[in-house]
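The values are calculated or read from the model by the stated rules, or taken from the named source; none is laboratory data. Note that this is a predicted model, so its numbers are computed, not measured. Every residue, glycine as well, gets a Cβ built from its backbone with ideal geometry; the counts of neighbours run over all protein chains shown. For the accessible areas, the whole protein counts, side chains as well, though only heavy atoms, and no ligand, DNA or RNA atoms are used. Shrake-Rupley method; radii C 1.70, N 1.55, O 1.52, S 1.80 Å.
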Amino acid sequence: MRSTRLLLSLTAALAASCSPTTTTPDTRAPGAPTRQLATLMSDGSVSLTWKNAPDGDLARTLVARFLPGGRARKPEGTPAVGDAIGTDGTVLFLGLAESFTDLTAPTTCGSVSYRLWSQDTQGRWSEDIALIELAPGATTPPPSQPVTQLSAAAQGTTLVISWTTPPASSGFFQTTLVRKVGSAPQSLTDGNIVSTTMGAQYAESTRTLAPGTRLFYAAFSCNACGRCQAMPAAVSFTVPFGADGGVSPDAGASVDAGASVDAGASVDAGASADAGASVDAGASADAGSSDDAGVPADAGVDAGALAPPSMLTATLSPDGQRVVLAWMNPDAGGFDRARVTRALTEVPASDAGAPVVVFEGPATSASERVDLLLPSTATTGRTYTYTAASCSTAGCDASGATATLTLTLKQALRGGGYSVIWRHATADVCADRTNLCPSTLPGQTCAQALSGMSADNWWRTCLSDSPSCTTTARQLDAVNSANETMAVRTWFSTNGVTVGRVLSSEFCRCFTTAQQFMFGPTVEQRQELTYYVHEESLRCARSMQLLNEAPAAGTNTALVSHAGFSCPTLDSLAWAEAAVYKPQPPSTRACTTVGSCSADEACVSGFCVKPLLITRVPALGLSGWSNLP
């Protein structure tokens, strides 16, 4: 009996060992990579590291780089290195390694980002994304030359710091001045930033400082993105005893070689802080934060007949991105600080609002972004008046030194912040076969009704076969469209006007026009701009919504679409003619859906919004791009 039971046990064990093993199938996508990190290298490259997802069937990790304003989209299939992904994204790496160095990071003042996905052996991509976002301007090199001849001199109770800026050819754009008590600043964060200016002088009162206080100033040479040289010029000054300035400034001219500012600085996943981050503080306070504030309540207070500032100038920076303001402060008296305001005068007259405070402090220079201003056009004249007034502890005078500035359209577009929409170039070859759309579309668009059918996407064809015209869509005239797009392309490139994003209809005549402009960014084909086949009744409102999306700083957005619908201005554009718009803040009128506002408005975040029409520009002719002032 015992031997029989033993035999049965052995038989059962043998059967179990020979039975096929059953495993639970993996039905889940892998997780995203983790512990992602970017390190900015001294040669301009970006070193990326991460930890792969721990999934047992991991096939690869994908790393993609996105330009400023780029939009991520989960990969489809298995793309190759160099393929486009999402909006303004490029695949850089595919594999199982856990590091990669980007040797071709673009130089831009915007924020470059990296996205990482995981893919398993069954082709599924992770739903989550590992994000690395660099600080704005982090990929731009700092200037190659430093600020020199830094000096400190007392003029009564005013301390004047002066220096010599390097040439613009070195990449220099502005000086960042850092002050510290007791020792020389070694970096941008080692002390207080008191001025960021394109000028070569800074002044402040010493009346509130204790005699004998030793101040150190470090002047950093910075580029247009705010990245600065690691080695600043430095000088020190000791606050005198007595009103007559009994102690002289220290003879501590340009000496200190501070610690490295940004070499090899690490940027953690998702963080935007970086030693090379754009500085916008101190003396060159940006007017972007005060544009809706107006002049404070103490404006116009009798400050005791103060002498006003003098020699106020308002000019554009070499790259056209900022308005540079400079003036001389009065000496002694009750002067405590200067207040600089900006006021707008329009012709025909309009309610331009109250003056805006651009700067307030003891410095003698400041700047603000050009994209805060509007150009003067043939239909609306615009002049900005800057006023530098003296202030005391009692308040600020209402008048002072003045300077005026009028922007041309060319100058405004160089500063960025506009949406320019073109009707496609001359297209008189064949015709659109709109009869391919079903005659009745209950609850569907033409594109939805034709999905998967032989006539699907008839509007995207680029076939141009005149005179037989078997093509299903109207096409560009090769000669005229080439002349029109060349005129636009030449003007933009010659005048240094940057386009950061290009949107187009899905019709070939539109996206080919956009491609022939050669603005740089990948053309995004958008249903909102496409004629007839999508929700045509909402095309105007959706076009306005796109026109009101603010471009990345210092750039403009280009759009190419059609006429052929009821939409103010856009419905009357000629072939290759453009309309220039300025995005505006939402109104106070609530809305619920796209199209629930006026015909030339969009519904954004629950409120109606209307981009401001600046002007129209034909491609050719006396009023065309090539003849703009």
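Rounded to the nearest 0.05, what FRET efficiency is calculated for Arg214 and Thr404 with R0 set to 51 Å and r the Cβ-Cβ distance?
0.75
The string of couplings for region 36-46 from the Karplus curve (6.51, -1.76, 1.60, θ = phi - 60°) is 6, 8, 10, 10, 7, 9, 5, 8, x, 7, 10 Hz, one whole number per residue in order, with x for Gly and Pro.
Between Thr592 and Gln515, the C-beta separation translates, for a Förster distance of 35 Å, into a calculated FRET efficiency of about 0.40. From the alpha carbon centroid of region 393-419 to that of region 492-562 is 30 Å. What the Cβ-Cβ distance of Glu536 and Ser350 gives, at R0 = 45 Å and to the nearest 0.05, is a FRET efficiency of 0.85. Solvent-accessible area per residue in region 582-621 equals 51 Å², computed with a 1.4 angstrom probe and all protein chains kept. Helical content of the chain, expressed as a calculated mean residue ellipticity at 222 nm, amounts to -3000 deg cm²/dmol (DSSP H runs of 4 or more residues, -39,500 (n - 2.57) each, divided by residue number, nearest 500).
Taking a point 7 Å out from the Cα of Glu98 in the direction of its Cβ, the residues of region 61-85 whose backbone N falls within less than 16 Å of it are 61-62.
Placing pseudo-labels 7 Å out from each Cα toward the beta carbon at Met311 and Val479 gives an inter-label distance of 6.0 nm. Summarising the label geometry, the points placed 7 Å from Cα in the beta-carbon direction at Asn435 and Ser170 lie 7.1 nm from one another. For region 586-620, the residues whose amide N sits under 11 Å from a probe point set 7 Å from the Cα of Leu628 along the beta carbon direction are 615-619. The length gained on full extension between Ser466 and Gln444, counted as 0.36 nm times the residue separation minus their Cα-Cα distance, comes to 4.7 nm.
Between helix 508-517 and the chain there is an angle of about 40 degrees, using the helix long axis and the longest principal axis of the Cα atoms.
Residues whose amide H falls under 5 Å from that of Arg337, counting only those 5 or more places apart or on a different chain, are Cys391, with hydrogens built in the peptide plane.
Charges only on Cβ, +1 for Lys and Arg, -1 for Asp and Glu: so what's the dipole of region 529-616 about the Cα centre, in debye to the nearest 20?
In debye, rounded to 20, region 529-616 gives about 200.
Convex hull volume of the Cα atoms of the chain, normalised per residue: 248 Å³.
Any idea how far the Cα center of region 432-488 sits from the one of region 576-592, in Å? After rounding, the separation between the Cα centres reads 29 Å. Would you mind classifying region 427-472 by shape? Square roots of the alpha carbon gyration tensor eigenvalues, ordered a ≥ b ≥ c; an a/c under 1.5 is rounded, otherwise it is prolate if a/b is larger than b/c and oblate if not. Prolate is the answer for region 427-472, as a/c is 1.5 or above and a/b outweighs b/c. Across the chain, the mean sequence separation of Cα contacts (distance under 8 Å, 6 or more residues apart), normalised by length, yields a relative contact order of 9 percent.
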